[in-house]
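Every number in this text was worked out from the coordinates using simple rules, so none of it is lab data. Note that the structure is predicted; figures quoted are calculated from it, not measured. Neighbour counts run over all protein chains shown; Cβ positions are idealised from the backbone, glycine included.
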Amino acid sequence: MANKHLLFTLLPLALCDLSTKLFREEIVNTGAEPFFDSFFKTLRASDGNIKCAFFDLENTIINGSIAKAIFAYQLREIEFAFKKEDVRPIFGFEDAFTSSIDTPYHSCVPDSFIFSNTVVNLDSIVNDIEYLYDDRRKPTHKKKIQALIAVWYRLVNARFPAIERCEFLGTSVCYRLLHGMDKIERQTLMKKALAASVGGAIDVYEHIHVNGPQQTTLKVHLKVELSPYPEALYLMRALKNINVHPFLISRLHSDYVHSATEAFELGIPLSDCDGSYYSIKDELPQEKRFFFNEGQGKVATIKKLMKTRRCVPVLGLGGSSGSVEMLQYILKYEGYAMMMYINHVDPRLLKLKETNSRRLHLQKLTRSRWERNEHNAKRVVYRKDEKFKNGDQMRQGEDLLT
C-alpha cells in the first residue's frame, strides 16, 4: 500500500518532467533553449506564490490573422446579415456615433487611396456596394460585389494612425461586417470559417475600376491558412503541468479569441481568454465606449488578472508591437519575456534587451514554426486530429528537413 501511495505521489512529478522534456525537444536548434533553461531553473528555485503566464494570440500561438480568415470565408460565401441601409454606415464609416470633437473615425480613414498606381475613391466603392447589395446572391452580381468588398478591405485595412481610437477601428474593420447577426450566428460563422482556414485557400478577386476614361483592373488576393505553432502548444502544456496558469490576452474582439480557442483546441478555459470588447448599438461598436486590449490595455488586463487570481506573472509571449508594454511590465516583476517576430523587432525591445539579456528573448518565426538555426532538426508536424485539449495526448511527429 505504501508503494502505491508513493507511485501516485511521484506520478505528477513524472508528468511535469515529461511535458517539460517534450517541450525542450520541440525547440531544439531554435535558439530559445538557453532562455527556457534559465526560465525553468528559476521556477524550480522560486517561492510558493501562484504563478501565471500571458500569451498574445496571433503570431504567438496562431500563425496568422484570425479576423482576416473569418472575413475571407464570409466574403466567399456572401454570408452577410445586415440590410441595404446599413451599407453606408458599415463600409463608409458614416455611423452616427463616429462624430467626435477629438478624432472622428472618418479622420482615421482617407477619402481616397492609391491602389495599383490608380487613385481609388472610397465613396465610389461604397456606392457600388450599396447599389448591388440586395442582389448580391444573383449569379450576375455575386462576383462583382465580392470584388468590390475585397477592394474595400484592401483599402481600409492599411495602417491606421497611431491614435487609440483609430487603432481600435483598424482592429474592428472585419467585425463591422458581422452586423445583424446575433451571438449564436456569429459563433456559427466563425466556427465554419476557422475550420475552412486550415486548408490554405487562396481567393482572387478582380474589380474593373473606372475613373473617367481610364479603366484599371484591381486584383486582390486573400490567402488564409491558420494553424497553431506546435512550440507554443507544448509550452502551454508544460506550464500547466508545473502549476503555471496560462492566460490569453489579445487585441481582437473576444468573439474571435473565444472562437479560435475552441476551434484549435488550445486547452484554455474561455474565462481565461481576454480580448477587446465594445459597447454595442445594433451590433455596431460604439466609438466612446470600448476597451482596446492592446498596449497599455494589455497591462490593465494583466493587473486585473493578477488581482483577481492572486498570481505573479512569470512569463509573457507577444507577437506584435502592441505587446511591448505587456512584456515590459512582466520584466519589471522579474519575469521572463519573449517577443515573436518575422521580419522586424520593435526598437523598444532592442533597447530592453541590452539590460535584460537573460530574461528577454527575441524569437524569429517562419510561417509555421519557430525559426530553426540548423538543418536536419527534428520537426514535429501539427495535425488537425492531434488533440492538445487539456494536455492529455502526446505528439505525433516525423523527421523532415527544415
Length added when fully stretched, ARG367-VAL299, from 0.36 nm per residue minus Cα-Cα: 21.7 nm
Efficiency of FRET between GLU265 and GLU225 - r from beta-carbon atoms, R0 25 angstrom, step 0.05: 0.90
Filter on LYS191/LYS303; LYS51/LYS298; LYS21/LYS240; LYS138/LYS223 - keep pairs with C-alpha separation over 20 Å: LYS191/LYS303; LYS138/LYS223
The stretch 174-221 shape via C-alpha gyration tensor axes, a/c threshold 1.5: oblate
ASN117-ILE78 pseudo-label distance in nm [points 7 Å out on the Cα-to-Cβ vector]: 3.4
Calculated on alpha-carbon atoms, Rg and Dmax of the stretch 66-223 in Å: 15.5, 47
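Extension gain GLN187-ILE342, at 0.36 nm per residue separation less the Cα-Cα distance, in nm?
Values: separation 155, 0.36 × 155 = 55.80 nm, distance 3.02 nm.
Here the answer is 52.8 nm.
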Using θ = phi - 60° and Karplus 6.51 cos²θ - 1.76 cosθ + 1.60, couplings along the stretch 254-271 (whole Hz; Gly, Pro as x): 4, 4, 5, 4, 5, 5, 5, 4, 6, 5, 9, 6, 6, x, 10, x, 4, 5
Computed lengthening from GLU164 to GLU25, 0.36 nm per intervening residue step minus Cα-Cα distance: 46.0 nm
Relative contact order [Cα under 8 Å, 6+ residues apart], the stretch 66-223, whole percent: 30
Euclidean distance of C-alpha centroids, the stretch 152-191 and the stretch 294-339, integer Å: 25
